[in-house]
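> Take this structure first; my questions come after.
Read-outs: derived from the displayed coordinates by stated rules, not from any lab. In this text, all values refer to a predicted model and were calculated from it rather than measured experimentally. Note: ideal-geometry Cβ built from the backbone for every residue, glycine included; neighbour counts use all protein chains shown.
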C-alpha cells in the first residue's frame, strides 16, 4: 500500500534544487538498502518498499505520480515533471506451470511497455536482483539463467571472501549458512553484501552492459536472460549524485 505522503509532492519539494529519485522497489530489504547508499547532497533517494513485480509495480508508480502531480498530461501526451526520476525495479519471477509462465511473460512485457509509455524508467532483471549482485564478482553467461544458480554461487563467494568482517564471520559459523537464508535481513545485507560489492560497482556495470548488448529489439523482453538493467539506474545515481565508490 503506497502512502503518498511519505514523499514530498511536486508543489514544494527538494527536487527544486536537487535531483529527486523515487524508486519503486519490489522487495523490502535488499533493493532499498542498496539504492539508498547512493544518496548524496546532490540527490535525494526515496525508495518505496515492497511494491511487487511486473504490472503491480508499474501501476503503483503511475498512481503515485498522478496523485502527487509528477505525471501530467499535455495535449494528449504523458509528461514527467522535471527534476524527478521515477524508477520501477522488479524481477521476472517464474511461475510453476506452463500456462502461468506464458501469462507471466505477457504481463512482464506489457508492464515494461506501459512504464515506458508513461515516461517511467525501468531497472528490471531476468531472473532476479541477485544477478546484479553476482556481477560484482564474476561474469555470467547464458548457462546461468535462474536465481537458484545465483544464490548458490553467491553462497560460495561470500563463504570464501578474504578478510571477512565480524558480521560475516558470525553468519559463517552456522552449518545451515546460505546466501538466500542469511542475507535477506537488513543488518546482514547492509553490512555484508552491500559492504562487499560497492567497491566492485564499476566492473558490475561493465558486465551488465555486455549482457544487455547480447540482445536486440527483435527479441521480446521476457526472452532476454540472463540480463539486468539495474546498471542503468546505478549509472544515473552515480552521474547525478557523484558518490565516490
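> Rank the residues 64, 73, 200 as a footprinting-exposure proxy: fewest other Cβ atoms within 10 Å of their Cβ go first. Kindly include the intermediate steps, with their values, before the conclusion.
Working: 64 21, 73 9, 200 15.
In increasing order of surrounding Cβ atoms, one gets 73, 200, 64.
> What percentages, rounded to whole numbers, describe P(r) for the stretch 131-201 computed over all alpha carbon pairs with 10 Å bin width beginning at zero?
In order of increasing distance, the bins hold 19, 57, 22, 2 percent.
> Top mean-square fluctuation among 226, 164, 32, Gaussian network model of the chain, C-alpha springs under 10 Å?
Looking only at 226, 164, 32, the biggest GNM fluctuation is shown by 164.
> Now for a separate question. Distance between the C-alpha centers of the stretch 27-48 and the stretch 113-190? Whole Å please.
Cα centres, the stretch 27-48 to the stretch 113-190: 17 Å.
> Mind running the shape call on the stretch 15-140? Use the C-alpha gyration tensor, a ≥ b ≥ c as the square roots of the eigenvalues: rounded below 1.5 for a/c, prolate if a/b tops b/c, oblate otherwise.
Details: a/c = 2.30, a/b = 1.22, b/c = 1.89.
Here the stretch 15-140 falls in the oblate category.
> Within 10 Å of each residue's Cβ, count the other Cβ atoms and sort 17, 201, 101 from fewest upward. The partial results should precede the final answer.
Numbers: 17 10, 201 19, 101 13.
Going from least to most buried by this count: 17, 101, 201.
> Continuing with this model, one more query. Just check the stretch 136-245 against the gyration tensor rule for me: Cα atoms, a ≥ b ≥ c as the square roots of the eigenvalues, rounded for a/c under 1.5, and otherwise prolate or oblate depending on whether a/b exceeds b/c. Intermediate values should be presented prior to the final figure.
Working: a/c = 2.48, a/b = 1.44, b/c = 1.72.
Note, shape of the stretch 136-245 comes out oblate.
> Turning to a different aspect of this structure: Give me the one-decimal nm value for the distance between modelled label points at residue 145 and residue 52, 7 Å along each residue's Cα-to-Cβ direction.
Simple spin-label model gives 2.8 nm for this pair.
> Still on this structure, please answer the following. Taking the chain as the reference, fit the longest principal axis to its C-alpha atoms, fit the long axis of helix 54-67 to the helix C-alpha atoms, and give the angle between the two in degrees, 0 to 90, nearest 10.
Helix 54-67 sits at roughly 40 degrees to that axis.
> In nm, to one decimal, how far is the modelled label at residue 180 from the one at residue 152, with both set 7 Å along Cα→Cβ?
About 1.1 nm, to one decimal.
> I've got another one for you. Label points 7 Å out from Cα along the Cβ direction at residue 116 and residue 74: separation in nm?
For the pair residue 116/residue 74, the computed spacing is 2.3 nm.
> Still on this structure, I have one more. Translational diffusion coefficient of the chain at 20 °C, 1.002 mPa s, Stokes-Einstein with Kirkwood Rh over Cα pairs, in µm²/s as a whole number. Write down the numbers at each step before the final one.
Working: Rh = 18.9 Å.
So the translational diffusion coefficient is about 114 µm²/s.
> If you don't mind, another one. List 228, 40 from most exposed to least, where exposure is judged by having the fewest other Cβ atoms within 10 Å. Intermediate results must be reported in sequence, preceding the final value.
Working: 228 28, 40 17.
So the ranking, lowest neighbour count to highest, is 40, 228.
> Would you calculate a helix-derived [θ] at 222 nm for the chain, using -39,500 (n - 2.57) for each DSSP H run of n ≥ 4 and dividing by the full residue count, to the nearest 500?
-11500 deg cm²/dmol
> Could you give the angle, 0 to 90 degrees to the nearest 10, between helix 147-159's Cα long axis and the longest principal axis of the Cα atoms of the chain?
So the helix axis and the longest Cα principal axis differ by about 50 degrees.
> Turning to a different aspect of this structure: Relative to the longest principal axis of the chain, what angle (0 to 90°, nearest 10) does the C-alpha long axis of helix 230-241 take?
70
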